[in-house]
Every structure is written in structure tokens, then in C-alpha cells.
Amino acid sequence: MTLSGQTMPLEARKCQSLTGRVRVPGDKSISHRALILGALAVGETRIWGLLEGEDVLNTARAMQALGAKVERTDDKGGIAWSVRGVGTSGFATPQAPLDFGNSGTGCRLVMGAVAGCPIRAAFDGDGSLRSRPMRRILDPLELMGARVISQSDGGRLPLTLEGAHDPLPIVYRTPVASAQIKSAVLLAGLSAPGVTTVIEREASRDHTELMLKHFGADIVSVADEAHGRRISLTGQPELHGAGVTVPADPSSAAFPIVAALITAGSDIVLDDVMTNPLRTGLFVTLREMGASIEESETRLDAGEPMAQLRVRASKLRGVEVPAERAPSMIDEYLVLSVAAAFAEGTTVMRGLHELRVKESDRLEAAAAMLRVNGVAVEIAGDDLIVEGRGRVPGGGLVTTHMDHRIAMSALVMGCASDAPVKVDDIAFIATSFPDFVPMMQRLGADFA
């Protein structure tokens, strides 16, 4: 819904093919972390390719409110963001509540950064973010000495957090595989003397560890048990400003990739897509389904691998996606369910309990999106089972529940369904992928 209170519906119709070369927006996870660590560093951090969606811009505003100097500048004909940091533990008390809009990542990471500083800050967001749980972030931060001064029912926003005056290093075993929990603990641990350790049973995204190392922190990550990691951070480092080129977001790339795979005759190229193995579960799964996705021109920046991807229309088949793959593709199951609908045979996606606490209950939303467009789908516990028939009837109206990924996934479905697919509101796409509609139209999508 727009600020004026009016919705922005859109319809996607079957198109001839998708062709062309594009760069999807910068990765949201890297963009948040570059701003936050730049604000906690000494000196200037310059960021190229920052995702300029509302989620990230709200994090930039929060860094300003906490005392960092953040500017959008021209850099050799392009755009770069400059962050002049205040140093570890250097945040100042903000004059007003920090409003994170729709962004759970920005809010939860900044809670961690604030928890290590002797200040008090209020956190708030939109209706969707206010409904999302924060207690599993707050629990370890309270063990480190932070205090929750006020909160809504169930540890939800709006809430006020008082950072620790003498932060304590802890050893914390995360209850679920969550990069947000891990990152909040590590960011708070920057201000604690000694070593803060996070133990994960299932390895989550390692962007925070890679970027902390890039900014000069002493951090070690080693394997723990079959699929886990033990991450140890030595506290009270002096972080130094660093240059960061933000790779293209694989979660955003997922939408044109699936659209090209299911639309006959398509052949597209995506530049500089992050290929961190903890983020590419969707690519692995799609290749298992028979997708043609080729990598070339691989390189590293700030420890993050990236590559050019060429994607061509492919005949897909149903597969079983194991639960242990979920952390590497948790944001991509909605659009994977679209690919599964166009595949031949049954696709079973296991262990999707985390989808129930995203911007919406994405497990139920995925099933509803498919059913209203004539696809047979079942939820069994935390598993999603899609009966693919190689085609999708379409013709449905999809309720987005203020969730940008539902809107984009439904529009991707409409690119190849027999009848058009409508979504009730696309306004929230701007939170993560402001250029989605015009970019897809440049590739050949028929949106109206």
C-alpha cells in the first residue's frame, strides 16, 4: 500500500520470451552490513552498488541517527555511499525512534550493534515488522548485559533497548540457523572484552563474518559437528573504514532466473551475481531440476564471490529439497514453488518452519498463490509439496499480505501461465527491488 493509502495492483500476462543482459540490485544483506560496520569503524567507508531500496535506506537513516555521517555521492560518474564511522561502542543516543519500515534484517542487526553501546534506543517499524518476533534476538543480547526497557507483547516492536555499559562476552548456541541472531550477537560482541563465540548446528549465511574480517576484526570460523559452525570474535578491535563493492543480490536474481527458465525461448545474462555457497541453495536446486544456469567471469570482493550467470529456458522436473538446504535459500522458496509448478512431477520442499515468521506466513502464502492459479499443492507439517504438470492455468488474484516476495513470485508465474496472474498490491516491492517491474519489462515481460 502506498503512503496515500491506495493499493497498486498489477497483472502479468504470458510473454513470448525473455532476452537481454541486466544487473539486479545490490545484495540487501551486504548493503545492511556495509552501512552498519562502516558506522562502527574509524575513518571513511565507501560503498559502491548499494541497494537503494527502502529497507537499506532505513538502515542508512538509523546510522545517521546514531551519530555516523552517511552521504550519497557521485563517484567517477557513478554513485557511491560514504560512511564516516564513530568507532566500536561509539554510537550516540538517537533523538527519535529508529524506524526500520519493513526490514527485519536491518532492525535485528542494529539491535545487536546498539546492545554493545551504553545508550538507549527505541526501535519501530511498519505493521508487518511489528508483527514479527524479536525475542530470540533479545535473549542473547540480555545475556550480554543489554536491557529491554519496554516492548510490545511477545517481545515485538515497538520496543526500547538499553545497551550494556560493560558488555559481557558469551558462548551462545543459536536455537535455529539464523544469520540475524548470529550477527546480532557478534555485533554486540565487538564491544565486549575477551572472545564472544556463536555455535550453529546448521551453518547460516556468513556475510557478517566475511565483512568483519574485511574491516579488520579478529574472527575465526571453524566447522562444528556435521553441518554447523563455531564462530569466535575477539572483542574491542579497532575497525577501519574499507571499500565495499556490493555484489548483485542472488535473492533478487532468483526472480528473472525462474522467469527465464519457465518462459519458452528465453536467454538472459545477469552480471555480478553473488555466488556465496551459503546463499546459492536455489541455484543448486534449480540445476537438480534440469535448469540451464552457466557461470563465468568469477571474482571476489570483500571476501564475497560473484559471477556472471547465463540462464536459458529449460524443461524442469520435480525434486526433493532437503531441510538442511533451507538456510542457503530461505528467501527463495516462494519463487522456487513457481518453478516447481511448471516442472513435471512432484517437488517436495522440507523443513520450512522459518517461512512462517517472515514478512508474512510464506508457507501458507505460497500454497495460496499456487492454488488460486490452479496448481495442486499441499502443506504437510513444515513441508511444501507441489504437484507440477509442466504448465500453470493462471487466472488468479494473489493476495500479497504486504510481502514483496509474494508479489514478485506471482508476477513471475504470470510470465508463463496460460491466463494472466494478478496481484493485489506491488507497492512493497520497492523495499528490496525498486527496479523490478521496469527491469522485467526490458527483458520482455508483459505487465499491465
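For segment 169-187, the set of residues classified as farther than 18 Å from Gly235 by Cβ and open to solvent by 70 Å² or more (accessible area, probe 1.4 Å) consists of Arg173, Pro175, listed by residue number. Evaluation of Asp99 against the conditions (1) modelled with pLDDT of 95 or more; (2) under 22 Å from the mean Cα position of the chain (by Cα); (3) charged (D, E, K, R); (4) surrounded by fewer than 19 Cβ atoms within 10 Å (Cβ to Cβ) shows that the sole unmet condition is (4).
Looking at Cys15, Cys117, which is the one that is surrounded by 17 or more Cβ atoms within 10 Å (Cβ to Cβ) and either β-branched (Val, Ile, Thr) or within 19 Å of Pro167 (Cβ to Cβ) (or both)? Give the derivation first.
Values: Cys15 fails: either β-branched (Val, Ile, Thr) or within 19 Å of Pro167 (Cβ to Cβ) (or both).
Of the residues listed, the single one that is surrounded by 17 or more Cβ atoms within 10 Å (Cβ to Cβ) and either β-branched (Val, Ile, Thr) or within 19 Å of Pro167 (Cβ to Cβ) (or both) is Cys117.
Among the residues making up segment 208-229, those that are touching a strand residue (DSSP E or B) at 6+ places or on another chain (Cβ under 7 Å) and open to solvent by 80 Å² or more (accessible area, probe 1.4 Å) are Lys213, Asp218, His227. Within segment 192-247, the residues that satisfy the criterion of being of a type outside the set (D, E, K, R), assigned to a loop (DSSP other than H, G, I, E, B) and touching a helix residue (DSSP H, G or I) at 6+ places or on another chain (Cβ under 8 Å) are Ala203, Ser204, Phe215, Gly235, Leu239, Gly241, Ala242, Val246, Pro247. Against the test of being of a type in the set (Asp, Glu), more than 18 Å from Leu278 (Cβ to Cβ) and either surrounded by 21 or more Cβ atoms within 10 Å (Cβ to Cβ) or modelled with pLDDT of 95 or more (or both), the options Asp153, Asp166 yield a single qualifying residue, Asp166. Listed by position, the strands (runs of 3 or more DSSP E) enclosed by segment 86-165 that each have at least 2 residues that are out of contact with any Ser or Thr (no Cβ under 6 Å at 6 or more places or on another chain) and closer than 17 Å to Leu66 by Cβ are 120-124, 156-162.
Table: residues versus (1) farther than 24 Å from Glu354 by Cα; (2) without any contact (Cβ under 8 Å) to a residue 24 or more places away in the chain; (3) open to solvent by less than 20 Å² (accessible area, probe 1.4 Å); (4) in contact with a helix residue (DSSP H, G or I) (Cβ under 7 Å, 6 or more places away or on another chain).
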residue	(1), (2), (3), (4)
Asn373	yes, no, yes, yes
Ala380	no, yes, no, no
Thr400	no, no, yes, yes
Ile426	no, no, no, yes
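If you go through segment 40-74 and keep only what is in contact with a strand residue (DSSP E or B) (Cβ under 7 Å, 6 or more places away or on another chain), outside any loop (DSSP other than H, G, I, E, B) and touching a residue at least 60 places away in the same chain (Cβ under 8 Å), you end up with Val42, Glu44, Thr45, Arg46, Ile47, Trp48.
If you check Leu363, Leu336 for being in a helix (DSSP H, G or I) and free of Cβ contacts under 8 Å to residues at least 40 places away in the same chain, only one passes: Leu363.
Yes/no matrix, rows are residues, columns are (1) within 30 Å of Ala376 (Cβ to Cβ); (2) more than 19 Å from the chain's Cα centre (by Cα); (3) hydrophobic (A, V, I, L, M, F, W, C):
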site	(1), (2), (3)
Val244	no, no, yes
Ile257	yes, no, yes
Ser266	yes, yes, no
Leu270	no, no, yes
Met289	yes, yes, yes
Thr298	no, yes, no
Glu304	no, no, no
Val311	yes, yes, yes
Phe342	yes, yes, yes
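The values are calculated or read from the model by the stated rules, or taken from the named source; none is laboratory data. Because the structure is a prediction, the values reported are computed rather than measured. FYI the Cβ positions are ideal-geometry reconstructions off the backbone, even for glycines, and counts take in every protein chain you see. These area figures cover heavy atoms from the full protein model, side chains too; ligands, DNA and RNA do not enter into them. Shrake-Rupley method; radii C 1.70, N 1.55, O 1.52, S 1.80 Å.
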